[in-house]
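Following: one structure in structure tokens, then a few remarks.
The values are calculated or read from the model by the stated rules, or taken from the named source; none is laboratory data. Source: prediction; values computed, not measured. Cβ placement follows ideal geometry from the backbone for every residue including glycine, while neighbour counts extend to all protein chains displayed. We work out accessible area using only protein heavy atoms, side chains counted, and drop any ligands, DNA or RNA first. Shrake-Rupley method; radii C 1.70, N 1.55, O 1.52, S 1.80 Å.
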Amino acid sequence: MESSTAMPKAIDHDQRRRDIIDVTWKLIVKGGLEAATMREIASEAGFANGALKHYFPGKDDIIQGAYQLSMDRIVERLTESTKGLTGIDAFRAIVRATMPLDAESRDSARVLLAFWERGLSSDTIRDAYQGHLAGWRSDSLELIAQCRAQGLIDTDASDEEIVREMIYMNVGATVLSAITPDFSDRANLEAMIDGFFERLGVPRETGPGSE
């Protein structure tokens, strides 16, 4: 009787990379960037110490993956929140979806804060964020121009000034939600969003989406 040797199970390297990124994301949410050491990431992901190098060249690559995971989740929220909407309703939905209004978006804010900190010493991470910022700015300018052409925005502020205020508002809220959550609770953020649109000449929202 011939003996058979079991074939070794194929390793799904892409899935393992996703697992490592997911673990890193959770560690950053719980304890910030300092908690996401290579040793802790390996331990939480079920790897031997030093095995991460088989999947990522270095820690910056893992951190960038965690950042991309946050971006992907934001895009999912944007896609879902703007489904079927156009004009100023779509613009309002985009602004709301990128603000830390719920637990999930506040978790993403913690990862973004850690990513910005890492970007101070990493050209790769800084360039990645600048690329994201450029795309966000471009998409927003296009939507604002459409709203203005349809008479949905009535303000002397330029399109660039509107985008700049939106970005400053979002980044400020992201930082404060991670550091001083009581100061940036949902009620305050909602009021800030309403004020932003009122300055654009848009009436305060009173429908089901304004709760």
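What the table shows:
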read-out: Of all residues in segment 98-146 being at pLDDT 90 or above, touching a helix residue (DSSP H, G or I) at 6+ places or on another chain (Cβ under 7 Å) and open to solvent by less than 60 Å² (accessible area, probe 1.4 Å), the one that is farthest from Thr79 (Cα to Cα); value: Ala145
read-out: Top-ranked residue of segment 106-128 - restricted to ones that are assigned to a helix (DSSP H, G or I) and free of Cβ contacts under 8 Å to residues at least 60 places away in the same chain, ranked as farthest from Ala173 (Cα to Cα); value: Asp123
read-out: Residue list for segment 179-204, filter: in contact with a Cys (Cβ under 9 Å, 6 or more places away or on another chain) and modelled with pLDDT of 90 or more; value: Leu200
read-out: Leading residue by the ranking (nearest to His132 (Cα to Cα)) among those in segment 42-71 that are among the hydroxyl-bearing types (Ser, Thr, Tyr) and open to solvent by 20 Å² or more (accessible area, probe 1.4 Å); value: Tyr55
read-out: Those residues of segment 158-200 which are open to solvent by less than 30 Å² (accessible area, probe 1.4 Å), outside any helix (DSSP H, G or I) and hydrophobic (A, V, I, L, M, F, W, C), in sequence order; value: Leu200
read-out: Selection status of Arg77, open to solvent by 30 Å² or more (accessible area, probe 1.4 Å) and over 30 Å from Val202 (Cα atoms); value: no
read-out: Residues (over 19 Å from Asp14 (Cα atoms) and in contact (Cβ under 8 Å) with a residue 12 or more places away in the chain) located in segment 24-75; value: Leu27, Ile28, Val29, Gly32, Leu33, Ala36, Glu40, Ile74
read-out: Tally of residues being surrounded by 15 or more Cβ atoms within 10 Å (Cβ to Cβ) and under 21 Å from the mean Cα position of the chain (by Cα) across segment 29-40; value: 5
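Condition check ((1) outside any helix (DSSP H, G or I); (2) closer than 14 Å to Ser108 by Cα; (3) more than 15 Å from the chain's Cα centre (by Cα)) across all residues:
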residue	(1), (2), (3)
Leu27	no, yes, yes
Ala48	yes, no, yes
Gln64	no, yes, no
Met71	no, yes, no
Ile74	no, yes, no
Thr79	no, no, no
